[in-house]
Amino acid sequence: MLNEYDVISKVGQNVLAGYLGLIVETSELQQGANSIESNGVGVALQIIGQMEGQFISTMSTATVKELVSRMMGGYEVQQLDEMCWSAFQEFGNWFVSGIATELASQGIQVNITQPLLHEGDVTYHSINNYTVVTMTSEIGKIDVYMQLEEAQTTK
Amino acid sequence: MAKIMVVDDAAFMRKMIKEILTEGGHEVVAEAANGEEAISFYKSCNPDLITMDITMPEMDGIAAVKAIKQLNSEVKVIMCSAMGQQGMVLDAITAGAKDFVVKPFQKDRVLEAVRKVLSA
């Protein structure tokens, strides 16, 4: 059975620690959540294929500036311009592509959609619970929400 | 030094790859945001090498590589994608790519792939 926490943690470590050089601690919210409130920024992607679901990552504006700065090789980010938003989309793309690769290694073939961004007060509601993983590092807290279930067509 | 075309729908990735290639002594002669643009720019720029994303709007990278192979069977393409699963790599190589670099990547990995593909 797929352990979503393990998959998110492994990919999060690969991207944040392995590539961006951050020291990351991960923790799972055991209760899960079926609604997500964000007053910062977020990136959302759909996962499609043999399993289907959503991935949403939220963080504060200060954290995304630090994240994007690291992705740009240390360039100081004052304002979130078009290039910063493109980088943040790419962060979502890297993360969920990593999840897709992990799923493929377990024999589950999926693809992903284009990343969508949000900024400001947003609440997502879902019928099913999300697995919630918080990754804490020197740039702040990054929350990852994911829900995956077997696709209807493959049942 | 090689003339290189960078194909990626993300402006950030085009900028990042261009910086790596330029620092490595190469010239980026064209930047395309999807497969259709890549085919059009390939005809006008005739680059020595192409870095190609896979997941893009309009036309994806696999379809673009196949189309460009029809124009020049010797074209040198390095796929640069975050989707690194074995099936995706196989599809890219079957379509005609010479190497596959998984995002996020380090500068050295990109320049090494470029060096190898150019010298092959």
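The values are calculated or read from the model by the stated rules, or taken from the named source; none is laboratory data. Remember, it's a predicted structure, so these values are computed and weren't measured experimentally. Cβ sites come from the backbone with ideal geometry, for glycine too, and all protein chains shown count toward neighbours.
Worth a mention:
- Matching residues, segment B:1-25, being more than 8 Å from chain A (Cβ to nearest Cβ), among the basic types (Lys, Arg) and either in contact with a Leu (Cβ under 7 Å, 6 or more places away or on another chain) or part of a helix (DSSP H, G or I) (or both): B:Arg14, B:Lys18
- Segment B:31-63: number of residues that are in a helix (DSSP H, G or I) and out of contact with any strand residue (DSSP E or B) (no Cβ under 6 Å at 6 or more places or on another chain): 10
- Taking the criterion of being modelled with pLDDT under 95 and either out of contact with any helix residue (DSSP H, G or I) (no Cβ under 7 Å at 6 or more places or on another chain) or on the phi > 0 side of the Ramachandran plot (or both), the residues of segment B:47-69 that qualify are B:Thr55, B:Pro57, B:Glu58.
- Condition check for B:Phe41: more than 11 Å from the chain's Cα centre (by Cα) and within 14 Å of another protein chain (Cβ to nearest Cβ): no
- Unmet requirement for A:Glu90, which otherwise passes all of (1) under 27 Å from B:Glu19 (Cα atoms); (2) over 14 Å from the mean Cα position of the chain (by Cα); (3) of a type in the set (D, E, K, R): (2)
- Of all the listed residues (A:Ile112, A:Ile142, A:Ile127), the sole one being buried (at least 17 other Cβ atoms within 10 Å of the Cβ) and more than 9 Å from chain B (Cβ to nearest Cβ) is A:Ile142.
- Candidates are the residues of segment B:64-96 that are closer than 17 Å to B:Met13 by Cβ, of a type in the set (A, V, I, L, M, F, W, C) and part of a loop (DSSP other than H, G, I, E, B); the one that is nearest to the other protein chains (Cβ to nearest Cβ) is B:Ala82.
- Wholly within segment A:47-155, strands (runs of 3 or more DSSP E) carrying at least 2 residues that are over 23 Å from A:Leu29 (Cβ atoms) and in contact with a helix residue (DSSP H, G or I) (Cβ under 7 Å, 6 or more places away or on another chain): A:110-112
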